[in-house]
1. Straight-line reach from Lys261: which lysines have Cα under 20 Å away, leaving out those fewer than 8 places along the same chain?
2. Full extension from Asp144 to Arg329: what is 0.36 nm times the residue separation minus their Cα-Cα distance, to one decimal in nm?
3. Mean-square fluctuation check for the chain, GNM, Cα pairs under 10 Å: which of Gly89, Gly267, Gly307 is largest?
4. Taking 56 Å as R0, compute the FRET efficiency from the Cβ-Cβ separation of Leu351 and Glu54 and round it to 0.05.
5. Calculate, for Leu25 and Arg170, the FRET efficiency according to 1/(1 + (r/R0)^6) with r their C-beta to C-beta distance and R0 41 Å; round to the nearest 0.05.
6. Using 0.36 nm times the number of residues separating Asp2 and Trp16, minus their current alpha carbon distance, what extension gain do you get?
7. Taking the Cβ of each residue in Asp45, Asp155 as the centre, tally the other Cβ atoms inside 10 Å and list the residues starting with the fewest.
8. Rounded, prolate or oblate: which fits segment 189-234, taking a ≥ b ≥ c as square roots of the Cα gyration tensor eigenvalues, rounded meaning a/c under 1.5, else prolate when a/b beats b/c?
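We did not get these values from a lab; they are worked out from the coordinates using the rules stated. No experiment lies behind these values; they were computed from the predicted model shown. Don't worry about glycine lacking a Cβ; one is built from the backbone with ideal geometry, like all the others, and counts go over all protein chains shown.
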Amino acid sequence: MDIDRLIAHRSRALDWSGIRRFSALARSRPGVINLSIGQPDFAVDPRVKAAAVEAILADRNGYTPNQGVPELQEALAAVIRADLGWDCGVIGPASTPTPSSVIVTTGTSGALTNAYMALLNPGDEIIIPDPYFVLYPQAATLCDARAVLCDTYPDFVMTAQRVEPLITPRTKAVLLNTPGNPTGAVASSEHCAQLLDLCRRRNVLLISDEIYDEFTFAQARTERPAGDLAALGAFGLTRCPSPARLPDAQRDVLVVRGFGKTYGMTGWRLGYVAGPTRLIEELTKIQQYTYVCAPTPLQWAMLGAFGTDVSATVARYQARRDRALERLRRVTDVVTPGGAFYVFPRVPERLGMSGREFCEAAAARGVVIIPGGVFSTRDTHVRISLAAPDGDLDRGIDTVVSLMGA
Ligand code: PMP
């Protein structure tokens, strides 16, 4: 049978992520230093692992409501209330789930793809940052919609000023990612307020992808939570700026957050999304026919883990960032990441190399990093992951610095 003839254009139009090609390089050659990784290099807390095993043994293995385990929804609603000042509504028992403004999703990716599907008709537009997380443009392709790129070079902040000229009658949403992948850049409170104000004036939804919210370094934690967040766990007294913390944001902002990066469990596929109840209702409906629910025993295990102390890990990553920056700055331009796991230095112009060419040269010296062109229309930078053992990171950065300084 000619299977190729049967493939839909939406699938054909997708590209393989360029990350895969470079990370395959790392797998294919023993002994290489792999700085291409987009997930934490620490293990899940043993108590949380035990809770997952316990949930499986206790036969918590069936479906949950599409919105998630109500107890976890309640816990999320409490955190959102204390952090953002939102009222997520009454969460009903599993037998009669009621509409609320927060649901558990199959990873942050599940929340984002459901949001795209709920919002975008064919030909509609969503404004995303450039550089972007690789899912952002491709999920638009899946909906026959168009991702409009907002050029954020050289400081990687998606300002209202940069977004405004891109809004058209087809624009449904603006997607902000802070701290950002691949740059680590954090939007200031002022930038968040201006962007939300613009979105409100133009009746465009603001989606805030905050998957790295807990992974924000000390200097970038400039906001206070709306309430007593610390009473709910080890959340810290200061937070990454968020447009969702602005007055009445619940009406106009869709917040997407995850557990994978914070607690080192990217494979558990757990995230959550909160926003206007009318929209969350649509996301829940779509979840019913796509992912159904997030993995049940893992939702139960997460219930006890949410809000456990990750500050020592974040401090360790901050120290790695500082060591990497200090050396990279001697040879190139690099924005200080306020959070996430990456640094995104520019390939020095005088080398006359693209990001891809530079990454190939680094791979030839046994270090795998990702070309900026995988995340951008430009291929002028490279993404270096900080999620690697300190010794590997130091040696990898040495190689990058010596290539850049050549
Ligand atoms: N958003 C951003 C900015 C990311 O970097 C990632 C993962 N790399 C995701 C969303 C998807 O995360 P998840 O594993 O929760 O689907």
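1. Reachable lysines: Lys49.
2. Values: separation 185, 0.36 × 185 = 66.60 nm, distance 4.15 nm.
Answer, rounded to one decimal: 62.4 nm.
3. Gly267
4. Details: r = 54 Å, r/R0 = 0.97.
Efficiency computed from Cβ-Cβ geometry: 0.55.
5. Details: r = 39 Å, r/R0 = 0.95.
Plugging the Cβ-Cβ distance into 1/(1 + (r/R0)^6) gives 0.55.
6. On the way: separation 14, 0.36 × 14 = 5.04 nm, distance 2.18 nm.
Result: 2.9 nm gained on full extension.
7. Working: Asp45 18, Asp155 9.
Placing the least packed residue first, the sequence is Asp155, Asp45.
8. prolate
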